[in-house]
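K.L.:
Here it is, the structure, as C-alpha cells.
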C-alpha cells in the first residue's frame, strides 16, 4: 500500500508542471485544426520562392553538363563492368547445371558439413524446379561480381582507415549517412552516371554494400594488440611486413564477418536493381507483381530467400572456429551436436559417420596416389619442392578432390554428353495452385465485403482526414512545429538544420507530396503499433509462439521489399489503402521484435516485486513491464519509421501517392531533377524523424538509468 | 586456420572458373531489348525476339523497363538496343529523337525532324485509345449521350477515394504521358484520374466493377482482350487535334478545349525503335533488315491477346502457337 501512496503523492506535487506541456501541445493542435478549416486550398510555398529555387532545372542542366563532359568516363567504367558481368553470366548460364550445383555444394560440404550441404542442394534444386534457373544464375552473377568488387575496394579503404586516423575521421560520417539511406536511393545516381542494366546495378550494389566491410576491416586491424605489433617491429619487420604478415591475418575473422554482411546487403539490392533494368530473380518477381501472378511472385521470392539463407549460413560456417569435441562424444553430422545425449540421435548418426569416414578414405587415398605421382614428377627437377607439394596436396585433399569432380563434370559435359541447363521436366512448381487458392478467396462475397469495409473505414477515418490535415495545414505551421520538436528533442543546431531541410523540400515545390508521404508513413506506423505491440506481448508470454514468430520475421526481413506488394494487391486491389497495408506488412517486424525484447529484458525481479504486492498479470504488464520496455519500443518506432519511408518508393506500383510517385514519374519521364528532388525529400523527412526519435530514445534510456 | 583454408579454396574456385570462362563460347550476336509493360506490346516484342532468336541466331537479353522518355534516352545512350511497339501519341521523345519519316505500306504516316539519336520502323499494329463506360450503364441511363454528360452522373462514378468527384480509372503508368487529369480539367469534367500503376491493376479494377455491374469510367486502348469479355462503349472524346505548345519545354502550355490533350488520341501507327549505331553495325544487319520488313497485323495480335488474357497462356506460348500455325512471318525475314 505504501508503495502506491508514495507514487500518488509524488505525482500530485508535479501535477501543475506536468500539465503545461500537454496543454501547450493541445492548444497548438486546436489552433492547427482551426488553421486547416481556414485554408481554402492545399498549402503551397510562396510562388516567388519556388520560382526562383528551380532545383529540378539545375539538376537537369547539371545532368546535361555531365553528359557532355563526364559521362565518357563513367560510361567507360560501366562498359568494362558490363564486359565482366557478361563473362560471368555467360559462364553461369552456359555451364551445365550439374557443374554449378557442384560448384556451390562442394565448398558448403567442406565448411558446413552435411547439414549445409542439404540446404544448398535443396536451394539449388528449388531454383531449377520452379523454372527460375536462368534468373537465379543472373542474380548470382550480379551478386558475385558486386560482392567481389565491394570486398576488393572495401578492404583497401578499411586498411587506409586503420592506418590513418584522419582518413577514418573523414570516412566515418559518410559511412553513417550510407547506413541510414534506403537502398533504393543508390539506384538513382547509378542510373544517372552509368546508364541502365547490369553494370549500373553492380556499381550501385558495390557502393551500397561496402560500409560493413570497411568498418569491420578497420575494426579488425585496429584491434590487433599493440604488443604484437611492437614484437614484430622489434624483430625488424618493416611497416608493410607488419601490415601484411601480422595485422591483416589477425583481422581476418573480422573481415570475414564483413564479407558475410556485404553478401546479404548485396543480395537485397541486386534484387531491387530490376528497377534500373537489371535482370535476374528481382525482375521475375517484379513482372509477376505487375501481372498479379501471386503464385509466381511467391516462388520468386522464395528463391531469393533460399539464396540469402544459403549464403548467410555458408558465410557463418566458413568464418566459424573449429570446435574441438570432448573425446568420449560422437561427432554429429546432421543433427545438432547438443542432441548427443539422446541414444536415438546417436543411432541415426552412426551410419552417417561410417559413410563420412568411407568417403573421406576413398578420396584421400585417390589424392594420395595423385600427390605421389606429382611428387615423383617434380622430384626429377627438385626434391624439396616435390615433397612440399605432396604435403600440401595431402593436407588439402578435400579441395583437390572437389576440383577433380568439377573437372570431371566439365569433361563429361563437353566430351561425352551435353548436360545443358536445368531439365524442364523436373518441374515442381505450384504457382498455379497458389494462384487458384488466392483467386477462390477473392471471389468469395463475404471476403469482398470484409475487405471493402476495412478499406472504407481506414480511408474515411484515417487516411483522408490526416492527408487533408497535413496538406491544408499552412507550411509555416508544420515547419515551426517540427523545428520546435527537434529543438526540444535534440538541440538548437539540429532545429536549425531541420528548418533548412524542410524549407528545401518546400522550395522544390513538392510540399504537398511530402505531406502526403508523411501522412501515410505516420498512419502506417500508428497501425504497426496497434497491431504489432499486442503480437509482441503475446509472443513474450509464449515461447512457442515466439519461435514461430522469429522464423516468420527472419524470413520477412530477407525478402526484397516489393514482394510485400503481392499479397496486398491480390486481396485488396490497388489504391492508397493497399499502399498503406503493404507498408505496414513490411515495417511491422521491428515493432514486434523490440516489444518482445523490451518485455523480456525487464528483469524478473521487477515482475516478482509487483506480483508479491498483489499485482495481477495485467497490472504487472501495464504498470511495470510496459513502462520499462518503452525505450526498446521507441527504438522499434525508429526502425519502423525508416522502413516505412523506404517502402514509400515502391508503393506507387500499387497506387501509392506522394513523393514515391514523384520519383517514379520523374524516372519514367527521364526528368532526373524531379526524381532526385523527391528522392532527397524522402531521405530528408526520414532523417529528421530518425534523429528526433533517436534523441528521444536516448533521453528515455538515460531517465530510466539503462 | 579454417579461414585461410577457406580463402585458398575460394581463390582456387575463382581461378578454375576463369579457366572455364576463357574456354567458354562467346555470343557475338547479342542484343538487349526492353520488354513493353502492356500485354499487346509484350506480344509484339516476343514476336520480334522469337524471330531474332529462332530464325536469325541472335541472343536477346530481355530487360524490364517502364516505357516513357526514360526508355528512349536509354536507347539513345546505347544501354538498350531496341524496344517494341511505341505509340507515337504516347511517346513524347519521338519528336525530339527521330529524324526520318515513318512509313506504313510505303506511305509516310508521320514526319520527324529531331536529332536522329534513335531510329524507328512501323510494327504493323495500328492502335486506338479512348475512355469507355460499360454498355449496361448506357442502357440503364438513356440520358447519357457522351462525355458532356459525365458531370451529371458523377455521383454514380464516385468512390471512397475520390470523394465527391467521379473516378476515371486512368492511364496506369505515368510514363505513358496520357495527361488524364489535365484532359479532365480542361474539358471541365469533375472527375479524378486514378493511376493504378500497371495494366493488370487497371484491368482488375475495371473487371471487378464490371462483375459487380457498377458504373465506371476507364481508359483503354484497342486491340485489347478486355473488349472480348466485356461490352464497353466509348464516350466520344472530340477528335484528335495536335497542340504544338503542349511540351515540357513550354511548361505544358495547353491549347484549350478541343486540342490535345483535351481531345482524343490520334490513330497510332506503332513503331519499333532502336539505337542507330548498334543496329547499323555489320553484325546486326540482319536484325535491321528484319525490323524494316516486319509487318505484324492487328488481327493476329488480337488473337494472341485472347489466348493470353482469357486462356491463361504465357506470352511466349501464345507467340509460339501463332508462329507454328502460319508462315506469314517468313516474308519478314531478310
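The values are calculated or read from the model by the stated rules, or taken from the named source; none is laboratory data. In this text the structure is predicted, and so the values were computed from the model without any measurement. Counting neighbours? That spans all protein chains shown, and the Cβs are built from the backbone with ideal geometry, glycine included.
K.L.:
Among the residues in segment A:666-677, are any surrounded by fewer than 21 Cβ atoms within 10 Å (Cβ to Cβ), within 18 Å of residue A:177 (Cα to Cα) and in contact (Cβ under 8 Å) with a residue 40 or more places away in the chain?
P.N.:
Scanning segment A:666-677, I find no residue that is surrounded by fewer than 21 Cβ atoms within 10 Å (Cβ to Cβ), within 18 Å of residue A:177 (Cα to Cα) and in contact (Cβ under 8 Å) with a residue 40 or more places away in the chain, so the answer is no.
K.L.:
Are there any helices (runs of 4 or more DSSP H) wholly within segment B:143-231 with 1 or more residues that are under 19 Å from residue B:309 (Cβ atoms), and if so which?
P.N.:
Details: elements: B:154-157, B:180-186, B:199-211, B:226-229.
Passing ranges, in order: B:199-211, B:226-229.
K.L.:
Taking residue A:288, is it at pLDDT 85 or above, assigned to a helix (DSSP H, G or I), within 11 Å of another protein chain (Cβ to nearest Cβ) and closer than 29 Å to residue B:73 by Cβ?
P.N.:
So residue A:288 fails the test.
K.L.:
Among the residues of segment A:38-54, which ones are exposed (fewer than 10 other Cβ atoms within 10 Å of the Cβ) and assigned to a loop (DSSP other than H, G, I, E, B)?
P.N.:
A:40, A:41, listed by residue number.
K.L.:
Residue B:234 passes all but one of (1) farther than 25 Å from residue B:156 by Cβ; (2) in contact with a strand residue (DSSP E or B) (Cβ under 8 Å, 6 or more places away or on another chain); (3) surrounded by fewer than 18 Cβ atoms within 10 Å (Cβ to Cβ); which number fails?
P.N.:
The single condition residue B:234 does not satisfy is (1).
K.L.:
Continuing with this model, one more query. Answer yes if at least one residue in segment A:442-451 is touching a residue at least 40 places away in the same chain (Cβ under 8 Å), in contact with a helix residue (DSSP H, G or I) (Cβ under 9 Å, 6 or more places away or on another chain), surrounded by 15 or more Cβ atoms within 10 Å (Cβ to Cβ) and farther than 20 Å from residue A:568 by Cβ, and no otherwise.
P.N.:
Checking segment A:442-451: not a single residue is touching a residue at least 40 places away in the same chain (Cβ under 8 Å), in contact with a helix residue (DSSP H, G or I) (Cβ under 9 Å, 6 or more places away or on another chain), surrounded by 15 or more Cβ atoms within 10 Å (Cβ to Cβ) and farther than 20 Å from residue A:568 by Cβ.
K.L.:
Also, quick follow-up: Here is a list: A:117, A:113, A:131. Which entry is not assigned by TED's automatic domain parsing to the domain that holds residue A:279 and not in a helix (DSSP H, G or I)?
P.N.:
Selected residue: A:131, the only one of A:117, A:113, A:131 that is not assigned by TED's automatic domain parsing to the domain that holds residue A:279 and not in a helix (DSSP H, G or I).
K.L.:
Something else: Inspect segment B:227-238 for any residue being under 19 Å from the mean Cα position of the chain (by Cα) and over 28 Å from residue B:95 (Cα atoms) and give the result as yes or no.
P.N.:
yes
K.L.:
Based on what the data block shows, is residue B:75 under 16 Å from the mean Cα position of the chain (by Cα), within 8 Å of chain A (Cβ to nearest Cβ) and either surrounded by fewer than 24 Cβ atoms within 10 Å (Cβ to Cβ) or under 21 Å from residue B:290 (Cα atoms) (or both)? Lay out the reasoning, then the answer.
P.N.:
On the way: under 16 Å from the mean Cα position of the chain (by Cα): yes; within 8 Å of chain A (Cβ to nearest Cβ): no; either surrounded by fewer than 24 Cβ atoms within 10 Å (Cβ to Cβ) or under 21 Å from residue B:290 (Cα atoms) (or both): yes.
The answer is no for residue B:75.
K.L.:
Which of the residues that make up segment B:78-103 are at the interface with another protein chain (Cβ under 9 Å from one of its Cβ atoms) and without any contact (Cβ under 8 Å) to a residue 60 or more places away in the chain?
P.N.:
Hits for segment B:78-103 are B:79, B:93.
K.L.:
Then there is this: With B:109, B:96, B:133 as the choices, which residue is crowded, with 16+ Cβ neighbours inside 10 Å and not assigned by TED's automatic domain parsing to the domain that holds residue B:42?
P.N.:
After applying the criteria, what remains is B:133.
K.L.:
Being in a loop (DSSP other than H, G, I, E, B) and either more than 21 Å from the chain's Cα centre (by Cα) or over 30 Å from residue A:426 (Cβ atoms) (or both): is that true of residue A:202 here?
P.N.:
no
Residues are listed down the side, and each one gets a yes or a no for (1) modelled with pLDDT of 90 or more; (2) closer than 14 Å to residue B:130 by Cα:
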site: B:186; (1), (2): yes, no
site: B:208; (1), (2): no, no
site: B:211; (1), (2): no, no
site: B:215; (1), (2): yes, no
site: B:224; (1), (2): yes, yes
site: B:234; (1), (2): yes, yes
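K.L.:
Then there is this: Does residue A:121 count as more than 14 Å from chain B (Cβ to nearest Cβ) and either in contact (Cβ under 8 Å) with a residue 24 or more places away in the chain or buried (at least 20 other Cβ atoms within 10 Å of the Cβ) (or both)? Quick ask: steps written out before the conclusion?
P.N.:
On the way: more than 14 Å from chain B (Cβ to nearest Cβ): yes; either in contact (Cβ under 8 Å) with a residue 24 or more places away in the chain or buried (at least 20 other Cβ atoms within 10 Å of the Cβ) (or both): no.
Considered against the rule, which asks whether it is more than 14 Å from chain B (Cβ to nearest Cβ) and either in contact (Cβ under 8 Å) with a residue 24 or more places away in the chain or buried (at least 20 other Cβ atoms within 10 Å of the Cβ) (or both), residue A:121 comes out as no.
K.L.:
Filter segment A:414-444 for residues that are facing another protein chain (nearest Cβ under 10 Å) and assigned to a helix (DSSP H, G or I) and give the result.
P.N.:
Of segment A:414-444, the ones facing another protein chain (nearest Cβ under 10 Å) are A:414, A:432, A:435, A:442-443.
If the condition is that a residue be facing another protein chain (nearest Cβ under 10 Å) and assigned to a helix (DSSP H, G or I), then A:414, A:432, A:435, A:442 are the ones that fit.
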